[in-house]
Amino acid sequence: MKKQIDLRPEQIDRIIEMAWEDRTPFDAIQIQFGLKEEEVIRMMRREMKSSSFKMWRARVQGRKTKHLKQRGTEVDRFKCSRQRGISNNKVSKR
């Protein structure tokens, strides 16, 4: 039986945003929201258009920066250095 985690729309938006970021590992999403990689993939499939999901999946599949155990030591942060603060779940204008 699959566990059901109730998430607010803004939390779902943030998870999708984190999943698209190259330097944010799935482990960070699990720490913050309690969702494993498989659950994030299911959420992305459910919440995105089919073409967007396929593009995202091709992008992250096998990407070392999305998995902490496969990362090199040169990547030491969760977010991109160019990312600004987030207010109302949207990246602030640059």
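Listing for the model above:
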{"quantity": "Subset of segment 24-76 [closer than 26 Å to Arg8 by Cβ and at pLDDT below 70]", "calculated": "Lys66"}
{"quantity": "Filter result (surrounded by 15 or more Cβ atoms within 10 Å (Cβ to Cβ) and in contact with a Cys (Cβ under 9 Å, 6 or more places away or on another chain)) within segment 14-39", "calculated": "Glu21, Arg23, Thr24"}
{"quantity": "Residue tally, condition in a loop (DSSP other than H, G, I, E, B), over 11 Å from the mean Cα position of the chain (by Cα) and without any contact (Cβ under 8 Å) to a residue 24 or more places away in the chain, over segment 2-45", "calculated": "5"}
{"quantity": "Residue in segment 2-13 that is surrounded by 13 or more Cβ atoms within 10 Å (Cβ to Cβ), closer than 19 Å to Arg59 by Cα and of a type in the set (A, V, I, L, M) present", "calculated": "no"}
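The values are calculated or read from the model by the stated rules, or taken from the named source; none is laboratory data. Since the structure is predicted, the reported quantities are computational estimates derived from the model, not experimental observations. Virtual Cβ from ideal backbone geometry, glycine too; neighbours counted across all protein chains shown.
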